[in-house]
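Have a look at the structure below before the remarks.
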Amino acid sequence: MRSREPGGVRATRRLLAACGLASRTPTADPQASPVALVYRGPASSPGCPEAVAALLKSSRWGFDVRYVGPAEDVPLSARALAGATLYAQPGGESLADGYGHLRRDREAIRRFVRSGGRYLGFCLGGYLAGATPGFGLLPGDTDQYIASSGATVATTDSTVVEVTWQGRPRALFFQDGPYFWVRPGADVDVLASYPNGTIAALVAQFGAGRVGVVGPHPEATDDWYDDAGLDAVRLGADLGLDLVDSVMR
């Protein structure tokens, strides 16, 4: 997201305790579980990395989930990425602020994905997969959904947005997330669209790797809805897992 996420310290602590997550040094041991790195630092908001980590931990891929960032035991670096299968960029503050913190990691992330790694971007992480500014991982770019023609959301506050995911209507937590546009003829797998027809989630190839991005927040927990005074009719974890499966195929 481009502005502050809900979640807070209370939800963060519960997620950490429930998932048993800790920062550990990545390993390239081929017999080990696939390592999934989740960014946690100034380019993310409290509760966002933990929600993404919990989603990955609950997937069928048996990930060894670890945090990377400037205050973690392991910083984000080419060396850390070399031992990983997947890198996830969660929601955070504004695009300009987030990219300012991650600009120097751009080439390391691009090399990681190009050589076969997987990238997952949620809201701000989706914006950062674009090019203006961003990591340049998409065959196109991103823009604000609320600024698109016919958008059904007009606020930057926390709310719910309707999407069609794999042909099914769903409502997901949303806070100023992106839509994705792709160049004509680009080979992408569109997982979800907003009511105005713009893309809400997609998976694309980048070199030998794959990139999965989503504008809303399928990883959002009930705490996010409670803190924002929203009704969580149905959480979106199943859609988040579909995104994980799609990027890992």
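Given a Förster distance of 35 Å, report the FRET efficiency between Ser33 and Thr132 from their Cβ-Cβ distance, rounded to the nearest 0.05.
In this case the efficiency is close to 0.45.
Please name whichever of Gly116, Pro133, Gly167 sits farthest to the positive end of the charge dipole of segment 75-217, dipole taken about the Cα centre and charges placed at Cβ: Lys and Arg +1, Asp and Glu -1.
It is Gly116.
So how far apart, in nm, are the two label points at Asp231 and Glu107 if each is 7 Å from Cα heading toward Cβ?
According to this spin-label approximation, the distance is 5.3 nm.
Starting from 0.36 nm per residue, how many nanometres of slack lie between Arg114 and Ala151 once their C-alpha separation is accounted for?
10.0 nm
Can you tell me the dipole magnitude for the chain around its Cα centre, using point charges on the Cβ only (Lys, Arg +1; Asp, Glu -1), in Debye to the nearest 20?
Dipole of the chain, to the nearest 20 debye: 740 debye.
Determine ³J(HN,Hα), in whole Hz, for all residues of segment 171-179 in sequence, where each value follows from phi through the Karplus function 6.51 cos²θ - 1.76 cosθ + 1.60 and θ = phi - 60°; x replaces Gly and Pro.
Once θ is set to phi - 60°, the couplings for segment 171-179 become 10, 10, 4, 8, 8, 6, x, x, 10 Hz.
Just by accessible area at a 1.4 angstrom probe, what is the order of Arg66, Arg183, Arg168 from largest to smallest? If you can, show how the numbers build up before the last one.
Values: Arg66 10, Arg183 130, Arg168 105 Å².
Order by accessible area, largest first: Arg183, Arg168, Arg66.
Using a 1.4 Å probe on the protein chains only, how many percent of the accessible area of segment 83-139 belongs to carbon and sulfur?
For segment 83-139, the apolar C and S fraction of the accessible surface comes to 45 percent.
Give the accessible surface of the chain per residue, rounded to a whole number of Å², with probe radius 1.4 Å and ligands, DNA and RNA excluded. Walk me through the intermediate numbers first.
Values: 10040 Å² over 249 residues.
Each residue of the chain exposes 40 Å² on average to a 1.4 Å probe.
The values are calculated or read from the model by the stated rules, or taken from the named source; none is laboratory data. In this text, all values refer to a predicted model and were calculated from it rather than measured experimentally. Neighbour counts run over all protein chains shown; Cβ positions are idealised from the backbone, glycine included. Areas reflect the complete protein model, heavy atoms only, side chains present, ligands, DNA and RNA absent. Shrake-Rupley method; radii C 1.70, N 1.55, O 1.52, S 1.80 Å.
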